[in-house]
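Notes follow the structure.
Please treat every number below as a calculation from the coordinates, not as lab data. In this text the structure is predicted, and so the values were computed from the model without any measurement. Heads up, the Cβs are rebuilt from the backbone with ideal geometry, glycines too, and the neighbour counts pull from every protein chain shown.
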Amino acid sequence: MERAMNAKTKARTNPLKKLWWWLRQITGDAAYENYLAHRRVSPQEHSTAAMTRDQFYADSLHRKYSTINRCC
Amino acid sequence: MNKALRAIVWVCVSLAGAGALAAIAFERREPLNAVWFVVAAAATYAVFYRFYSAFIAAKVLALDDTRATPAERLDDGKDFVPTNKWVLIGHHFAAIAGPGPLVGPTLAAQFGYMPGTLWLILGAVLGGCVQDFTTLFFSMRRDGKSLGQMAREEVGRRSGLLALLAVLAIMVILLAAVALIVVKALKDSPWGTFTLAMTIPIAILMGVYLRHLRPGRVLEASIIGVTLVMFAVVSGQWVNASPAWSQAFTFSGPALAIAIIIYGFAASALPVWLLLAPRDYLSAFIKIGAILALALGIIFVRPTLQMPPLTRFIDGTGPVFAGKIFPFCFITIACGAVSGFHALIASGTTPKMIMRESDARVVGYGAMLMESFVGVMAMVAACALSPGVYFAINSPAGIVGKTAEAASATIRSWGFAVDPQTMATLAQRVGERTLLDRTGGAPSLAVGMAQIFSGTIGGDRLLSIWYHFAIMFEALFILTVLDAGTRVGRFMVQELGGHIWKPLGRRGWLPGILLSSGLMCGAWGFFLWQGVQDPLGGINSVWPLFGIANQLLACVALVVGTTILLKMRRLRWIWVTLLPMVMLVSVTMTASYQKIFDASPRVGFLSQARVLAAQIASGAIPPDRIAQTQRLILNNRLDAIVTGVLAAMILILIVEAISVWARILFGGKKPVLHESAYIATRWAEGD
């Protein structure tokens with residue numbers, strides 16, 4: 001829920017910041033921060049330590065390219 | 001805005017759209033400006049989005065924002081991530097936008113601008129967008145299940161298996177078709193080949209940066225990569241100018257085909273962070289940038305379309321590809337109007353990221369509208385060329401003749417003005433040795449785009465740079481599709497192989513990786529090699545196969561959608577998915593039948609094989625070409641079998657679907673809907 005709120009408040013800031021936020025979200029540049037935010041919001045769901053940025057990147061690539069993610 | 005004013009605005013938008021569509025649809029004496037196409041597309045999209053997609057959302061699917069989406073219920077911060085709809089539409093569009101909507105309309109321009117443009121716009125709003133939107137919704141209601149899983153659960157086991165086989169078939173044929181386009185675009189083009197070759201070390205550099213220096217900093221790495229690629233495009237002219245360097249980067253079609261097969265094998269077997277992922281980031285950036293630039297360029301330059309609304313080739317004798325307007329215009333355009341492949345993305349990552357149900361409308365229906373607009377722009381770019389030039393670039397030497405003089409004479413005999421000098425000058429202006437016999441659509445699209453871009457920035461001085469930018473843009477993301485597709489195909493082969501011998505199913509086992517990558521590359525490499533060797537240009541046989549396979553997958557998605565609507569007791573609305581399904585089934589079945597049995601050797605695979613066999617028997621083929629001709633005969637027979645299998649798959653699917661529908665409607669038993677249970681959202685309205 002916090003992340004949904006986050007998305008909303010971010011969208012209310014000035015247009016340049018909004019564009020920058022959108023660009024980081026859309027390219028996956030902010031994926032690690034989103035992951036950490038998710039862990040902060042629901043710590044009870046996680047029994048293991050958070051992945052490092054490096055581990056998270058490797059893990060996300062593995063998930064992304066194991067399924068059809070590009071089209072004709 | 002009050003109600004009356006809103007109504008007036010929508011009436012005006014509808015009239016503008018209808019007027020512009022009518023201008024495109026009716027024969028005219030004076031050439032039409034591209035503005036009509038932009039208005040026709042934008043107004044039709046706006047009206048259908050506002051009213052038709054709203055009707056589907058409210059009545060047909062009954063989207064429910066009080067229901068928690070999988071992204072909310074299963075949020076794991078990795079796969080299931082609630083995502084802002086404007087971010088998600090970007091993700092989804094980047095995933096669905098491929099080379100298809102650029103190449104298909106360019107090829108279909110041989111019929112004139114009218115049929116292709118009308119199908120691109122109307123096919124999308126009534127078919128493609130509906131397929132994407134409904135599939136996304138149904139998958140979202142099933143925790144993001146894939147199309148294959150939904151087909152198995154909702155229709156039957158046979159349909160589930162058919163969906164899987166259709167996916168594998170379409171992947172193999174798609175990869176061969178797009179690889180062939182790259183080969184045709186880079187053949188004897190040192191500038192283009194150098195630029196594309198340079199993207200490999202640039203991607204590896206980005207890969208190392210992203211993995212080891214600044215993990216996950218995608219924007220930084222992409223900016224570095226895009227800058228280097230732009231430099232590679234510009235520096236290609238120096239390679240082209242140097243005799244030694246240009247010699248080193250000049251390859252024939254067969255040599256390029258072998259290089260691409262080896263590349264595809266390496267890229268799918270190497271660690272994904274090294275080449276595949278960074279190339280994907282690079283290509284996504286350049287793809288979105290080039291599409292935006294083309295849109296702005298068309299609005300700024302407002303080119304006049306030189307192609308007539310209809311050409312004589314609607315009779316099926318077209319040089320770009322053979323076959324009548326029905327069904328081949330629809331089969332050729334494929335992705336720009338309806339793409340079955342989108343159903344795989346709409347039942348893949350996207351449904352796991354939707355924050356609320358109503359977002360599925362803008363993401364599913366909206367992203368396909370954008371894709372359709374890309375197709376319309378490609379049509380504008382192709383038709384803005386002089387028709388003589390368009391046909392000179394896109395017609396294979398096997399049809400128009402091997403020399404510039406012969407090609408020009410043939411094209412002039414069709415009523416389109418062109419002469420060898422014009423083609424030689426144009427080739428020189430874009431930095432190529434020749435533009436004749438460059439089938440596949442990419443070079444003519446690049447010439448069209450370069451004219452529009454140079455009309456905006458740089459004028460004639462930058463024409464060659466813009467041409468090679470456009471070639472690089474097309475080739476770059478085609479190679480990304482090739483990398484990613486071969487890799488996913490490899491996993492599918494490994495999964496299937498695992499049923500025969502367990503170790504083959506282990507994704508990390510090196511012999512398994514090498515074997516499955518080899519099988520996948522061998523499969524698409526076979527069709528690619530066949531296309532490169534084909535004297536009729538290859539596209540004539542490979543692209544229709546791709547179109548049929550793609551539309552077959554769309555039939556699967558629409559059959560699944562219709563079945564689920566019936567189970568949801570929305571009988572009165574099933575025409576929403578049923579009508580596009582009927583259209584696609586008739587298009588694919590007619591195309592399959594004609595590609596196998598048509599009496600014209602350029603259309604029917606079997607008659608082509610018969611003609612070649614008769615030529616050998618009568619001694620018309622010189623002894624040194626008999627082996628090659630026998631291979632062509634074998635290829636044609638094999639293509640006929642592949643088309644037959646695809647058609648059989650459609651028939652089995654339809655028979656199974658009709659029996660399931662009959663049971664739902666008349667069986668008396670309550671149909672089982674495999675939807676996830678309703679759980680109320682915890683998010684307040686307006687979150």
Angle in degrees between helix B:463-500 and the longest Cα principal axis of chain B, rounded to the nearest 10: 60 degrees
Cα-based reach from B:K145 at 21 Å (exclusive), listing lysines while leaving out same-chain residues under 8 positions away: A:K64, B:K78, B:K85, B:K352, B:K567
Projected label distance in nm at B:A58 and B:S586, using a 7 Å step from Cα toward the beta-carbon: 3.1 nm
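Could you give the Stokes-Einstein D for the range B:290-338 in µm² per second, using the C-alpha Kirkwood radius, 37 °C, 0.692 mPa s?
Details: Rh = 13.1 Å.
Answer, rounded: 250 µm²/s.
If R₀ is 51 angstrom, what is the calculated FRET efficiency for the pair B:A241 and B:F666, using the beta carbon separation as r and rounding to 0.05?
Values: r = 74 Å, r/R0 = 1.46.
Efficiency for this residue pair is about 0.10.
Mean residue ellipticity at 222 nm from the helices of the protein assembly as shown, using -39,500 (n - 2.57) per DSSP H segment of n ≥ 4 over the full residue count, to the nearest 500 deg cm²/dmol? Before the final figure, lay out each step's value.
Details: 32 runs with 499 residues, N = 759.
Mean residue ellipticity at 222 nm (helix-derived): -21500 deg cm²/dmol.
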Spin-label pair B:V208/B:A620, simplified geometry with 7 Å Cα→Cβ offset, distance in nm: 5.8 nm
Footprinting exposure proxy for B:D75, B:D460, A:D54 (fewest neighbouring C-beta atoms within 10 Å first): B:D460, A:D54, B:D75
Gyration tensor (alpha-carbon) shape descriptor, the range B:184-268, a/c threshold 1.5: oblate
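Which whole-number percentage describes the relative contact order of the range B:51-158, with Cα contacts under 8 Å and a sequence gap of 6 or more? Please report the intermediate quantities before stating the final value.
Details: 34 pairs, mean separation 27.3, N = 108.
That works out to 25 percent.
Charges only on Cβ, +1 for Lys and Arg, -1 for Asp and Glu: so what's the dipole of the protein assembly as shown about the Cα centre, in debye to the nearest 20? Could you put the intermediate results ahead of the total?
Details: 67 positive and 41 negative charges, 276 e Å.
About 1320 debye.
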Inter-label distance for B:I224 and B:F526, nm, one decimal - labels placed 7 Å from Cα along Cα-to-Cβ: 4.2 nm
Three-way shape label, the range A:16-72, alpha-carbon gyration tensor, a/c 1.5: oblate
Stretch in chain B that is longest and holds no GluC sites (Glu not before Pro) that DSSP places in a loop and that have at most 13 other beta carbons within 10 Å: B:28-684
Cα-based equivalent ellipsoid, the range B:278-405: semi-axes from gyration tensor eigenvalues, Å: 34, 19, 15
Potential extension, B:D460-B:I262 segment - 0.36 nm per residue separation minus Cα distance: 67.6 nm
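Where does the range B:561-687 land on the Kirkwood hydrodynamic radius, alpha-carbon pairs, in angstrom?
Working: mean 1/r = 0.0530 Å⁻¹.
Hydrodynamic radius (Kirkwood, Cα only) of the range B:561-687 equals 18.9 Å.
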Global geometry of the protein assembly as shown, whether rounded, prolate or oblate, following the gyration tensor of its Cα atoms and the 1.5 cut on a/c: rounded
About the Cα centre, charge dipole magnitude for the range B:136-183 (Lys/Arg +1, Asp/Glu -1 at Cβ), debye: 140 debye
Surrounding net charge for B:I616, when Lys and Arg each add one and Asp and Glu each subtract one, Cβ distance under 15 Å: +3
Net length gained if the chain between B:D315 and B:F231 were fully extended (0.36 nm per residue, minus Cα distance): 25.7 nm
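Can you give the Kirkwood hydrodynamic radius of chain B from its Cα pairs, in Å with one decimal?
Details: mean 1/r = 0.0387 Å⁻¹.
Taking every pair of different Cα atoms in chain B, averaging 1/r and inverting gives 25.8 Å.
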Residue list for the range B:654-687, given a label point 7 angstrom along the Cα-to-Cβ vector of B:R569 and an amide N cut-off under 14 Å: B:665, B:668-673
Those residues of the range B:219-239 whose amide nitrogen sits under 15 Å from the label point placed on B:V301, 7 Å along Cα→Cβ: none
Relative contact order of chain B, defined on C-alpha pairs under 8 angstrom at six or more residues apart (%): 24 percent
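Figure the gain on full extension for B:S659 and B:A255 (residue separation times 0.36 nm, minus the Cα-Cα span) and round it to one decimal in nm. Don't skip to the end; give the middle numbers.
Values: separation 404, 0.36 × 404 = 145.44 nm, distance 5.04 nm.
Difference between extended and current length: 140.4 nm.
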Positive-pole candidate from B:G668, B:V183, B:L504, dipole of the protein assembly as shown, charges at beta carbon: B:G668
